[in-house]
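Engineer: A single structure is presented below for examination.
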Ligand code: FDA
């Protein structure tokens, strides 16, 4: 059996593996990605792509491609609950920052708007970028055995088309092999939680629903039909392509038996929730999946890391599946590149678990809570298991009646719908990730007190560990984001009006340490001109202060003002971050 040598073996080419492959290639790391399936995702699956993830793709240079292929933010905003598309609308919520009261929060926080891009359209775009950067990706190639010792990871991989097996010897490996991770299992990563907490059937179909959706454009249409025995309503319509292609997602309890997946049965289910028999329906595919609430206690064992669903498995509520997977890979790729290039000690890699595991924990818990929080809607609608269709309609009529009971139930429904903000406008969960780790130098100050519920509201701060706040700047008549001055695989120093001593220190240290350390002057009248004073309002440091920003846009260290010897202050910070 022959052996291939590489620096990093990436196992899996879903959102996590492809993102890792792309950034490792961009950073010039010798890596090999192998994946069991013969191609990228063959169905829409996850689709909500949040601002933080688009920022990652912006760094990769593919934001415009993603945007060109995605359903834009402007068409995502209405979450509709109804008895059917043609039937009675029961409730509506403006989502993903599109509502009057949230729109400014979202636009102020990031240069990148959220979009709806189904996984089968997203993955080929990441793959294309990975290949352009020179990544090697081998499809139909699975890891059948993986072990490690102090110096190497060793894997046996099998080409599924020929049955040929060979060995891969790598310095590091990333298990991005999804919810049934072979890597996690064989290397006995500690996984905690429960599997099979519910199940879902995805029906991917074509049906022209323009007349029922174009006037209330959205990503999710929740059908709640009287007399229905399905959990969380009769089916959720997820927009794949406005307004003709959809996934109808039906959650069910496997204890009540498996649903009929025959074409006739799923067409009947779709027809019932459309409520208009004149609409043609063409089924493209039906698949089933289960709800899990699982998290790995550590994302690293020796030389092997987990990323994506291999490390965290949770329901699709809040749309955090692919987002968290992409962000894991973004966090890990630069650290591996720094260590492999000799710019950081391997201890830098310890920060991956320290930073991403608490995020994963928050994500799995939030998603599970959001699923449970949908129950009050069904309760407020008065729908109960075992209820007849007639009883179900009576409760709908009562809900809209001019009676005390109707008034009380409308108040309950409003409260239940408002609770959904924790699923559909959870800006703090989406964007507010803050790291506490050995790759961040705490400055001894507390994080600022939250101005609102931290799950709902993102609060910009330059406290070490936080993501660099976005502000629009002007540079030679061009508009750029603060985030654009950082990233791209290198460390960055943002300085202000009194920044020359910092620039001198950074130039000296960059050549001394052989690292790429970019310096940008940001402030009123600076090279990056804060014409709107947006940066001045959020930077939390003085004109002569500095921010050291990591390649993943998170702040590693800050100086509020100019210290006596900036060179020494920066040297200490760099050696602390890079170990
Ligand atoms: P992912 O599972 O995407 O990829 C795993 C990769 O590992 C694959 O490329 C596979 O070939 C490879 N692999 C597996 N074993 C291997 C081995 N031994 N050797 C080599 N390669 C191996 N999420 C959400 O937020 N909203 C949603 O609506 C949905 N809907 C949905 C529907 C269906 C049908 C599924 C299956 C999943 C979802 N999800 C979802 C979940 C979402 O798809 C998921 O969170 C991401 O795909 C996770 O990305 P990863 O890259 O971690 O794993």
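Every read-out reported here was derived from the displayed coordinates using simple, explicitly stated rules and does not represent laboratory data. In this text the structure is predicted, and so the values were computed from the model without any measurement. Please note: Cβ atoms are built from the backbone with ideal geometry, for glycine as well, and neighbour counts cover all protein chains shown.
Engineer: Would you calculate the separation in nanometres between label points at residue 405 and residue 533, each defined as 7 Å from the Cα along the Cα-to-beta-carbon direction?
Structural biologist: 5.9
Engineer: Right, something else. Return one number: the angle in degrees, 0 to 90 and rounded to the nearest 10, between the long axis of the Cα atoms of helix 404-419 and the longest principal axis of the Cα atoms of the chain.
Structural biologist: That helix lies at roughly 30 degrees to the long axis.
Engineer: Binned at 5 Å from 0, what are the whole-percent values of the Cα-Cα distance distribution for the range 405-477, short to long?
Structural biologist: 3, 13, 16, 15, 13, 11, 10, 6, 5, 4, 2, 1, 0
Engineer: In addition: So for the chain, averaging the separation of alpha carbon pairs under 8 Å that are six or more residues apart and normalising by length, what relative contact order in percent results?
Structural biologist: Details: 1294 pairs, mean separation 84.1, N = 579.
Dividing the mean separation by the residue count of the chain yields 15 percent.
Engineer: Here's another thing I want to ask about it. Quickly rank 162-168, 570-576, 17-23, 402-408 as a protection proxy: mean count of other C-beta atoms within 10 Å, highest first.
Structural biologist: Peptide ranking by packing, descending: 17-23, 570-576, 162-168, 402-408.
Engineer: So what's the range 175-251 giving for Rg/Rh, alpha carbon basis, Kirkwood Rh from the mean inverse pair distance?
Structural biologist: Numbers: Rg = 17.5 Å, Rh = 15.2 Å.
Over the Cα atoms of the range 175-251, Rg/Rh equals 1.16.
Engineer: Which whole-number percent is the relative contact order of the range 1-47 (Cα, under 8 Å, 6+ apart)? Please report the intermediate quantities before stating the final value.
Structural biologist: Values: 43 pairs, mean separation 19.3, N = 47.
Averaging sequence separation for qualifying contacts and normalising by length gives 41 percent for the range 1-47.
Engineer: Follow-up question, since we're still on this one. For a footprinting-style exposure proxy, rank 306, 90 by other Cβ within 10 Å, fewest first. Can you show the working numbers first?
Structural biologist: Working: 306 33, 90 20.
Going from sparsest to densest Cβ surroundings: 90, 306.
Engineer: At 0.890 mPa s and 25 °C, plugging the Kirkwood radius over alpha-carbon pairs of the range 207-300 into Stokes-Einstein gives what diffusion coefficient in µm²/s? Spell out each step's value before the answer.
Structural biologist: Working: Rh = 14.9 Å.
Taking Rh from Cα pairs, D becomes 165 µm²/s.
Engineer: Follow-up. With bins 20 Å wide starting at 0, give me the P(r) of the chain over every alpha carbon pair, in whole percents.
Structural biologist: Reading the bins upward from 0: 20, 51, 26, 3.
Engineer: Here's something else I'd like to know. Could you work out how much longer the chain between residue 88 and residue 30 gets when fully extended? Use 0.36 nm per residue separation minus the Cα distance between them, nm to one decimal. Numbers along the way, then the final one.
Structural biologist: Values: separation 58, 0.36 × 58 = 20.88 nm, distance 5.71 nm.
Gain on stretching residue 88 to residue 30: 15.2 nm.
Engineer: Across the Cα atoms of the range 425-533, what radius of gyration and what greatest pairwise Cα-Cα distance (Dmax) are found, in Å?
Structural biologist: In Å, with Rg to one decimal and Dmax whole: 15.6, 46.
Engineer: Looking at the chain, send over the antiparallel percent of its DSSP beta bridges, to the nearest 5. It would help to have the intermediate numbers written out before the result.
Structural biologist: Details: 72 of 100 bridges.
Here the share of antiparallel DSSP bridges comes out near 70 percent.
Engineer: Moving to a separate point now. Can you tell me the 0 to 90 degree angle between the C-alpha axis of helix 15-26 and the longest principal axis of the chain, rounded to 10?
Structural biologist: 20
Engineer: How high is the FRET efficiency between residue 442 and residue 290 when r is their beta carbon distance and R₀ equals 41 Å, given to the nearest 0.05? Don't skip to the answer; put the middle values down first.
Structural biologist: Values: r = 40 Å, r/R0 = 0.98.
That pair, residue 442 with residue 290, gives E of 0.55.
Engineer: Now for a separate question. Nearest 0.05, what FRET efficiency do residue 64 and residue 477 give at R0 = 22 Å with Cβ-Cβ as r?
Structural biologist: Values: r = 20 Å, r/R0 = 0.90.
That gives a FRET efficiency of 0.65.
Engineer: Then there's this: What value does the range 243-339 have for Rg/Rh, both radii from Cα atoms and Rh as Kirkwood defines it? Mind dumping the intermediate values first?
Structural biologist: On the way: Rg = 19.4 Å, Rh = 17.0 Å.
We get a ratio of 1.14 for the range 243-339.
Engineer: While we're here: Running Debye on the range 467-578 with equal point scatterers at the Cα sites and no solvent, what base-10 log of I(q)/I(0) appears at q = 0.09 Å⁻¹?
Structural biologist: -0.20
Engineer: Multiplying the sequence separation of residue 394 and residue 164 by 0.36 nm and subtracting their Cα-Cα distance, what value in nm do you get? Can you show the working numbers first?
Structural biologist: Details: separation 230, 0.36 × 230 = 82.80 nm, distance 6.38 nm.
The span from residue 394 to residue 164 would gain 76.4 nm if fully extended.
Engineer: Output the peptides 307-317, 486-496 sorted from most to least packed, where packing is the average of other Cβ atoms within 10 Å over each peptide's residues.
Structural biologist: Details: 307-317: 27.8, 486-496: 23.5.
Ranking, from highest mean packing down: 307-317, 486-496.
Engineer: Now for a different question. Percent antiparallel among DSSP beta bridges with both residues in the range 439-548, to the nearest 5? Could the numbers behind the result be given before it?
Structural biologist: Details: 8 of 15 bridges.
The antiparallel proportion sits near 55 percent.
Engineer: Estimate the FRET efficiency between residue 507 and residue 192 by the formula 1/(1 + (r/R0)^6), using the beta-carbon distance for r and 51 Å for R0, to the nearest 0.05. If you can, show how the numbers build up before the last one.
Structural biologist: Details: r = 47 Å, r/R0 = 0.93.
Taking R0 as 51 Å, the efficiency between residue 507 and residue 192 is 0.60.
Engineer: If you build the Cα gyration tensor of the range 77-182 and take the root of 5 times each eigenvalue, what three semi-axes come out, in whole angstrom, biggest first? Don't skip to the answer; put the middle values down first.
Structural biologist: Details: eigenvalues 390, 77, 42 Å².
The three semi-axes for the range 77-182 are 44, 20, 15 Å.
Engineer: If I model a spin label at residue 42 and residue 2 as a point 7 Å from the Cα along the Cα→Cβ vector, what separation in nanometres do I get?
Structural biologist: Modelled inter-label distance: 2.9 nm.
Engineer: Continuing with the same structure: Listing 52, 36, 503 from the residue with the fewest other Cβ atoms within 10 Å to the one with the most, what is the order?
Structural biologist: Numbers: 52 23, 36 20, 503 16.
Least to most surrounded, the residues fall as 503, 36, 52.
Engineer: Output the 0 to 90 degree angle, nearest 10, between the alpha-carbon long axis of helix 263-274 and the longest principal axis computed from the alpha carbons of the chain.
Structural biologist: Once rounded, the angle reads 90 degrees.
Engineer: So how do 30, 530 line up by other beta-carbon neighbours within 10 Å, fewest first? Mind dumping the intermediate values first?
Structural biologist: Working: 30 15, 530 22.
Listed from fewest to most nearby Cβ atoms, that is 30, 530.
Engineer: Continuing with the same structure: Using only C-alpha positions, report the orientation-averaged shadow area of the convex hull of the range 293-360, nm², one decimal.
Structural biologist: Over every viewing direction, the Cα hull of the range 293-360 projects on average to 4.3 nm².
Engineer: For the range 351-505, what are Rg and Dmax over the alpha carbons, in angstrom?
Structural biologist: In Å, with Rg to one decimal and Dmax whole: 23.8, 78.
Engineer: Report the full-extension gain for the segment residue 262 to residue 206: residue separation times 0.36 nm, less the Cα-Cα distance, to one decimal in nm.
Structural biologist: 18.5 nm
Engineer: Over all distinct alpha-carbon pairs, what is the Kirkwood Rh of the range 375-419 in angstrom?
Structural biologist: Values: mean 1/r = 0.0949 Å⁻¹.
Its Kirkwood hydrodynamic radius stands at 10.5 Å.
Engineer: With only alpha-carbon atoms in the gyration tensor, what are the semi-axes of the equivalent ellipsoid for the range 130-204, in Å, largest first? Walk me through the intermediate numbers first.
Structural biologist: Details: eigenvalues 131, 77, 37 Å².
Three semi-axes, in Å: 26, 20, 14.
Engineer: Going highest first, how would you order 210-223, 264-277, 174-187 by mean Cβ packing within 10 Å? All intermediate terms of the calculation are to be shown ahead of the outcome.
Structural biologist: Numbers: 210-223: 18.9, 264-277: 16.8, 174-187: 23.0.
Highest-to-lowest ranking by the protection proxy: 174-187, 210-223, 264-277.
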